[in-house]
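The values are calculated or read from the model by the stated rules, or taken from the named source; none is laboratory data. Every value quoted in this text rests on a predicted model; they were computed, and no experiment measured them. Positions of Cβ are backbone-derived with ideal geometry, glycine not excepted, and every protein chain shown enters the neighbour counts. Ligands, DNA and RNA are excluded from the accessible area calculation, which covers all protein heavy atoms including side chains. Shrake-Rupley method; radii C 1.70, N 1.55, O 1.52, S 1.80 Å.
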Amino acid sequence: MTVHKEEKIWAFFVLGMVVVFLGALAYAAWGLGLNTPYTVQQIPAEKTLEVFKPSVDCINPNVKRVENNIVICEDGRYYVNIVGMRFRWLPSNIVLTNPKEVKFRITATDVIHGFQIAGTNVNVMVFPGYIAEITWKIPPNLPAGKYLIVCNEYCGAGHQDMYTVMEIRK
Ligand code: CUA
């Protein structure tokens, strides 16, 4: 079997590209710390509303108060527990004052929903029975105001009505 010179060049080129792509992926994951939202914990979906409380492991020593399923820390960090269900997000009135970092822990009671804060990079698919966790580092120039939280995963006849508003105060 003869392998032509051009064919060899292309084969090496393609292999080289594969190495470059895998390298870029590894760099993004470990070098830049860009990871996809992930599931941290399982929860019995039918008992979500009783079981899903701000958990002790997310409460740190400088907790100011817990309010509306939201843990507010002295240093501007927030831990927000969110439950998605057909066709709303709970809690429905989230107010964050001078947030620096928000850790969302999100789950669903019934079907798959998509949690997205419009105009930001917060976007995570939410499965019943699993808690997804994402940390949102608030960009310093993020304008104060009201942000729309939508469901971006079709979840039934009222999907388009599944939204809530989050207010950021500065
Ligand atoms: Cu929930 Cu669409």
| Could you list, in sequence order, the residues of region 71-115 that are within 11 Å of the ligand (Cβ to nearest atom), open to solvent by less than 50 Å² (accessible area, probe 1.4 Å) and assigned to a strand (DSSP E or B)? | Gly84, Met85, Trp89, Ala108, His113, Gly114, Phe115
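Does region 131-138 include one or more residues that are of a type in the set (S, T, N, Q) and closer than 17 Å to Pro91 by Cα?
Scanning region 131-138 turns up no residue that is of a type in the set (S, T, N, Q) and closer than 17 Å to Pro91 by Cα.
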| task | From (1) more than 16 Å from the ligand (Cβ to nearest atom); (2) buried (at least 18 other Cβ atoms within 10 Å of the Cβ), pick out the condition that doesn't hold for Leu142. | result | (2)
| task | Check region 119-134 and report whether any residue there is charged (D, E, K, R), more than 16 Å from the ligand (Cβ to nearest atom) and not in a loop (DSSP other than H, G, I, E, B). | result | yes
| message | I need the full set of residues from region 145-156 which are crowded, with 16+ Cβ neighbours inside 10 Å and of a type in the set (Ser, Thr, Tyr), in order please. | response | Tyr147
| query | Are there any pairs, at least 6 apart or on different chains, whose C-beta atoms fall under 6 Å, with the first in region 150-169 and among the polar types (S, T, N, Q) and the second open to solvent by less than 40 Å² (accessible area, probe 1.4 Å) and more than 9 Å from the ligand (Cβ to nearest atom), and if so, which? | reply | Thr164/Ile149
| task | Please specify each residue of region 157-170 satisfying the condition of being surrounded by 12 or more Cβ atoms within 10 Å (Cβ to Cβ) and not in a strand (DSSP E or B). | result | His159, Met162
